């Protein structure tokens, strides 16, 4: 772990909010927290008494490692990993294409496995290691899959590309790249509307056949 | 199962890789929603749940009280939009968002909830309560064809004798139907709007034309053009959906003004089905007749497409029947039915893709009746000059394209008798279909700056939705200047750069490419002036600058077409060949092999051109086999507004695709001899698939998409 980033929001007193959140958790058993939190928050919000209190109750701490950097965040339980990456960490390489787990543009690796980050709530991945497209290359040296996508022109507009590449790396790691047909099957969770599929398959086959570690 | 691998043959990796490729594969390319601007707020739209009527009441109190919500904008409180104040309601090409209480289609935005986070805006949007006065709506084209009206004049075209096909000894008359198809680029339409005072505006906006968007926005908000900056450096696909400025873009600009903070609005995937256009559901009827030896006698082509009640959208659906074949008698008619739906817009191969499905299917049907090979039938009616006015073509090598495609697909293996070839329990068939699209050229201006280190910078305001405009332009400049591509930077996607047209109609390589060509030529001349007589044509630019003690040398040049268009008819052509396998018991269709041939002049950038053809073919496969907007007409609402229910091709649906080019320059269209290929990549593909399915099964499907349920009643012998 190289670095730890503590995130604070501008014009907000994060410390106070974090404390109230922590105190609230401390003073409650898990069961009473489940019973009380939604009602309390909704009531505070509904009465419009003190939005900051409501916000404090609505947020939870989240520790995760993204591309080798540890982050301590405070997130709403309803915030998806996708939106946390894009809106809070400014890691916009991970794309939003549908928000419903139907297109694969948001594919990232969680502890080495591909997941749709739009179907993953941030609070579900506490303590886990995330790799996004921004973390795939080693500095200026591209990952072999990135090189192969360039060589085989595995994209046009480039919007689905980060998800395709993250999926493609997993496709090989999972042992699902043993034939053209198998690659097509295991890459079918990633839609490319520009229609680069044959080029994507060719890129993956080359990396697989090249035998480089992915 | 034995797998046919054509990888080694198909994988072509020669040619310049995308100049912006590294940014795209590393996630560094930023699209419109991805600019982290200080004080950014998030807007979420609330859509109407009725298709026609008016808003009775809007309760926004709960939404306004929700944590983090900053404002809720509706027609009741929207700041006045200067361009809307002509006293007229929505209509005539302008959809006036938040203007009055009228509802024109289901999903029409009735409120924009803006909050300090996306989650809070989304929750706030769920708290807006609207009540409506509902009117009877009409969303069903088939049920309303009796209301069809010609958009201009009587909407007809005629040469020779009307309905002459009826007098021919061999004839076909059939109806062909396409549903509405949605562009569905992977990037959701998005905008960030930021005001600087009352009269200056910057937007990061998904658009195919930054300068057209600038002009439209300046008009709507009555701003000086130079005070509106539109940025769209990376566009995540569009296929036509970003050719115009849509209401959600205006909504974000309104909200940014009301809040005096930057506002980001990203459409949901469901919004993409209602708010940014589509290829319109169209009914067509073709009557076509020929002599016994296959000479066309006449074609009658009627089309009725859907549009909205507040704006007419027209496209050239029947044009293909007027120009594709040498046929003495042709008459066409084109009408629209206005429905309570969002307005359609141009989608890849607009009009022609729809028309070519009908015409090329009908020609295939005729070929079976005549017992003449479909390619031979086309060759017997090959247009040597433009059939409408008799002008010579600037270039046409479609005959060569037929030969190349037929050879690659193995056309000789095709059985002329449908439903007769069975391979391991699968019926096998071959089909072909082609199309054409006008080869256009607009004016464009490019600035070229040769830097002291010998690096060249080119600047123009074009956008790139994916075909690889930057790559093609760098290829042209590299060849012209004699310097490697790595030393050339192409700046684009900002409205303040020199004039360039909107990326549409397959015209960018011809238009902007010509300006790149011109500016390189002019820059070289400037160097020649420095060097004096006898200098080399491609000198060491850095050295020349150093010798003359110059930090840089720059020139701005424009290019536009001359009167060649008056003399010649200019088109790009394509032909697609498909081999399909159909499972007789389940109706499952597998695309087994595809060969597409483009006659689009000189190929400037081979690697990206190949991808463009493959991509268009895959779009055509989607159109043929799976894409279809489904309405529940009881509610006037689309029911399959997501990628689970609206099917597009995925990797498993697509084999290797051979993209072939005649690659002969057009001598007249522009200095490179390049014609467009974005549209022709798709036009004709759906008919090639449908024709192959018929050849495999003997079942002719004339209403797209060709889903398995339409085939399982196949009356073919199973062996």
Query raised in the report: Within region B:29-55, which residues are surrounded by fewer than 21 Cβ atoms within 10 Å (Cβ to Cβ) and in a loop (DSSP other than H, G, I, E, B)?
Result: B:30, B:35, B:36, B:37, B:38, B:39, B:40, B:49
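Working carefully through the options B:552, B:546, find the one that is closer than 17 Å to residue B:458 by Cβ and either in the same structural domain as residue B:450 (by TED's automatic domain parsing) or surrounded by fewer than 19 Cβ atoms within 10 Å (Cβ to Cβ) (or both).
The unique qualifying residue is B:552.
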Query - Leading residue by the ranking (farthest from the chain's Cα centre (by Cα)) among those in region B:94-118 that are in contact (Cβ under 8 Å) with a residue 60 or more places away in the chain and under 25 Å from residue B:140 (Cβ atoms) - result: B:110
Query - Test: residue B:584 is surrounded by fewer than 24 Cβ atoms within 10 Å (Cβ to Cβ), in contact (Cβ under 8 Å) with a residue 60 or more places away in the chain and within 11 Å of chain A (Cβ to nearest Cβ) - result: no
Query raised in the report: Do you know which residues across region A:90-109 are touching a residue at least 60 places away in the same chain (Cβ under 8 Å), more than 7 Å from chain B (Cβ to nearest Cβ) and either over 11 Å from the mean Cα position of the chain (by Cα) or over 19 Å from residue B:31 (Cβ atoms) (or both)?
Result: A:104, A:109
Report summary line: Across region A:117-155, the tally of residues that are within 12 Å of the chain's Cα centre (by Cα), more than 9 Å from chain B (Cβ to nearest Cβ) and closer than 15 Å to residue B:23 by Cβ stands at 0
Report summary line: Taking region B:79-124 and keeping residues within 14 Å of chain A (Cβ to nearest Cβ) and not in a loop (DSSP other than H, G, I, E, B) leaves B:115, B:118, B:119, B:120, B:121, B:122, B:123, B:124
**Report entry** residue B:514 within 22 Å of residue B:673 (Cα to Cα), in contact (Cβ under 8 Å) with a residue 12 or more places away in the chain, outside the structural domain of residue B:665 (by TED's automatic domain parsing) and in a helix (DSSP H, G or I)
**Finding:** yes
Query raised in the report: Within the group B:362, B:356, B:326, which residue is in contact (Cβ under 8 Å) with a residue 60 or more places away in the chain, in contact with a helix residue (DSSP H, G or I) (Cβ under 7 Å, 6 or more places away or on another chain) and outside the structural domain of residue B:502 (by TED's automatic domain parsing)?
Result: B:356
Query raised in the report: Which of the residues that make up region B:174-208 are in contact (Cβ under 8 Å) with a residue 24 or more places away in the chain, out of contact with any helix residue (DSSP H, G or I) (no Cβ under 7 Å at 6 or more places or on another chain) and over 24 Å from residue A:98 (Cα atoms)?
Result: B:175, B:177, B:202
Query - Candidates B:671, B:649 - the one that is under 25 Å from residue B:505 (Cα atoms), surrounded by fewer than 19 Cβ atoms within 10 Å (Cβ to Cβ) and in contact with a helix residue (DSSP H, G or I) (Cβ under 8 Å, 6 or more places away or on another chain) - result: B:671
Query raised in the report: Hey, among the residues in region B:438-472 that are in contact with a strand residue (DSSP E or B) (Cβ under 7 Å, 6 or more places away or on another chain), in contact (Cβ under 8 Å) with a residue 60 or more places away in the chain and within 14 Å of another protein chain (Cβ to nearest Cβ), which one's surrounded by the most Cβ atoms within 10 Å (Cβ to Cβ)?
Result: B:463
Query - Residue list for region B:56-78, filter: within 12 Å of residue B:112 (Cβ to Cβ) and in a loop (DSSP other than H, G, I, E, B) - result: B:60, B:75, B:77, B:78
Query raised in the report: Based on what the data block shows, is residue B:57 farther than 22 Å from residue B:250 by Cβ, more than 10 Å from chain A (Cβ to nearest Cβ) and in contact (Cβ under 8 Å) with a residue 40 or more places away in the chain?
Result: yes
Query raised in the report: Among the residues of region A:165-192, which ones are facing chain B (nearest Cβ under 9 Å) and under 22 Å from the mean Cα position of the chain (by Cα)?
Result: A:165, A:186, A:187, A:188, A:189, A:190, A:191, A:192
**Report entry** Selection count where residues are more than 10 Å from every other protein chain (Cβ to nearest Cβ) and closer than 18 Å to residue B:281 by Cα, scope region B:648-670
**Finding:** 0
Report task. Scan (1) modelled with pLDDT under 95; (2) outside any helix (DSSP H, G or I) for the single condition residue B:556 breaks and write down its number. Result -> (1)
Requested in this report: May I ask you to list the residues in region B:605-620 that are in contact (Cβ under 8 Å) with a residue 60 or more places away in the chain and either surrounded by fewer than 24 Cβ atoms within 10 Å (Cβ to Cβ) or out of contact with any strand residue (DSSP E or B) (no Cβ under 6 Å at 6 or more places or on another chain) (or both)?
Outcome: B:605, B:606, B:607, B:608, B:609, B:611, B:612, B:615, B:616, B:619, B:620
Requested in this report: Considering only region B:61-71, state which residues are within 14 Å of another protein chain (Cβ to nearest Cβ) and touching a helix residue (DSSP H, G or I) at 6+ places or on another chain (Cβ under 9 Å).
Outcome: B:62, B:63, B:64, B:65, B:66, B:67, B:68, B:69, B:70
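The values are calculated or read from the model by the stated rules, or taken from the named source; none is laboratory data. Remember, predicted model here, so these are calculated numbers, not experimental data. No Cβ is skipped: glycine too gets one built from the backbone with ideal geometry, and neighbour counts run over all protein chains shown.
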